[in-house]
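Structure, as structure tokens:
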């Protein structure tokens with residue numbers, strides 16, 4: 001009511017009878033004659049505080065964007081710090097990982113809804129828009145909730161200024177589904193083939209092309225979209241109970257199953273855990289039960305399971321080497337397996353802080369079974385001695401393209417330019433390992449990447465440089481390490497058309513095995529090597 005007691009003309013007032021403010025822009029230009037509308041909520045009703053789950057996700061995204069942090073390390077700490085309950089923790093996890101996985105596609109959509117290049121937006125605003133886009137396009141969140149909660153987050157953490165922009169952009173995003181957006185953008189951008197798949201499945205185009213090449217090498221050329229979809233699935237948590245460290249074997253695994261884990265049908269001592277706080281499971285603090293991808297467990301057990309010649313000529317217990325041991329997951333399992341056989345493991349890690357992590361990971365295993373060396377793996381020859389090592393694991397630094405489910409930000413951080421430095425380092429580490437390998441010894445080359453340049457091509461190059469090495473069929477020890485010896489491995493329907501090297505190596509796949517895309521090649525140094533080959537490898541001098 002006005003001071004005169006008469007009602008105000010609703011068209012002359014900036015607020016309606018519910019207190020909602022009229023849009024300031026006047027009649028819409030695309031609707032001549034239309035009246036000005038009102039905002040969805042009155043100023044007094046608008047949220048100015050972010051809910052804890054969304055704030056947690058936003059905090060992690062900022063750490064990833066600003067500090068190059070790893071989400072899989074930052075998120076659990078943030079969930080604990082904010083004391084989220086199970087429901088909020090699950091929501092924050094999906095919101096964080098989903099947003100990071102879809103960043104490239106969401107940026108393409110947001111670019112069509114913002115009137116300036118995204119590079120001109122403040123980084124926190126762009127992260128908030130990505131969070132809102134994921135809720136709208138890939139989560140079961142009502143449109144009004146996704147928009148209002150994201151705007152509240154912006155008001156709370158960034159300021160009132162950008163909230164109008166965020167509100168307007170997200171309402172444009174909500175006007176179409178994800179499939180409609182990707183189809184529209186593909187047509188507008190004249191995208192086809194791998195570029196269209198990259199947009200649809202939120203992978204950089206160069207990664208899509210690399211995955212296609214690797215699948216073809218391994219006889220799975222028709223499975224590209226299956227693999228891309230699997231990369232975008234929420235990852236399961238895989239557990240391993242270290243063998244031989246408990247008086248009652250299987251004790252920790254039973255406790256995990258009582259808490260909801262499922263025993264793996266693939267490997268002994270392994271389980272799949274789909275929910276809950278891992279840190280609360282008995283044995284995790286002691287290192288007896290730990291998180292480790294089943295693919296990672298599998299290749300480690302395969303190296304231990306592979307048969308050596310009856311007489312290697314090696315005096316005493318076997319000496320094993322983990323050349324790239326940090327942060328220590330494979331080293332701990334390898335040392336536990338070595339301890340059961342009376343063997344010892346030298347775990348090598350060049351970075352001192354990561355070497356400490358390796359020591360911590362190994363603490364649950366008898367100290368008689370392992371030693372940690374802090375040094376450059378390329379100089380391992382000084383530790384090998386004349387006898388060398390009977391089993392060597394080279395889990396080389398790589399692009400990590402096989403673990404995109406677990407490291408969702410990695411797909412957008414890596415570039416084709418990373419390959420040159422990584423493959424050069426892999427080459428040098430493999431040469432060092434070959435030089436430290438005992439007669440009759442086994443060398444396992446492992447990467448968490450299916451990229452051909454880091455896998456099959458690298459093995460081919462190693463064999464050209466070291467013709468004394470023999471490439472073994474890696475399927476045999478993989479089957480020997482599995483619970484079911486007949487388990488399907490890498491062989492696709494057209495495996496006979498693959499290259500000879502690819503056929504003798506094992507490539508695990510998320511969409512087939514439910515593991516990271518681990519690559520495993522097994523090579524052996526013969527008991528007797530010709531003098532010419534010795535000269536080529538540098539193990540003797542002319």
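The values are calculated or read from the model by the stated rules, or taken from the named source; none is laboratory data. Just so we're clear, the structure is a prediction, and the values are computed from it rather than from any experiment. Every residue, glycine among them, receives a Cβ derived from its backbone with ideal geometry; neighbour counts consider all protein chains shown.
The helices (runs of 4 or more DSSP H) falling completely within the range 176-247 that include 3 or more residues that are closer than 23 Å to residue 453 by Cα and not assigned by TED's automatic domain parsing to the domain that holds residue 455 map to 193-201, 205-217, 224-231.
Using the structure shown, decide if residue 396 is within 26 Å of residue 64 (Cα to Cα), buried (at least 16 other Cβ atoms within 10 Å of the Cβ) and in contact with a strand residue (DSSP E or B) (Cβ under 9 Å, 6 or more places away or on another chain). Considered against the rule, which asks whether it is within 26 Å of residue 64 (Cα to Cα), buried (at least 16 other Cβ atoms within 10 Å of the Cβ) and in contact with a strand residue (DSSP E or B) (Cβ under 9 Å, 6 or more places away or on another chain), residue 396 comes out as yes. From the list 338, 306, 325, the one residue that fits, being at pLDDT 95 or above, crowded, with 17+ Cβ neighbours inside 10 Å, closer than 21 Å to residue 526 by Cα and touching a helix residue (DSSP H, G or I) at 6+ places or on another chain (Cβ under 8 Å), is 306. Quick one: would you say residue 433 is at pLDDT 95 or above and closer than 14 Å to residue 323 by Cβ? Against the criterion (at pLDDT 95 or above and closer than 14 Å to residue 323 by Cβ), residue 433 qualifies. For the range 361-416, filtering for residues that are in contact (Cβ under 8 Å) with a residue 24 or more places away in the chain and in a helix (DSSP H, G or I) leaves 16. If only residues of the range 144-161 that are part of a helix (DSSP H, G or I) and surrounded by fewer than 17 Cβ atoms within 10 Å (Cβ to Cβ) are counted, the one that is farthest from the chain's Cα centre (by Cα) is 144. Counting the residues of the range 447-460 that are part of a helix (DSSP H, G or I) and within 21 Å of residue 303 (Cβ to Cβ) gives 5.
When residues in the range 167-200 are screened for being touching a residue at least 40 places away in the same chain (Cβ under 8 Å), in contact with a helix residue (DSSP H, G or I) (Cβ under 6 Å, 6 or more places away or on another chain) and either within 30 Å of residue 403 (Cα to Cα) or surrounded by fewer than 21 Cβ atoms within 10 Å (Cβ to Cβ) (or both), 8 of them pass.
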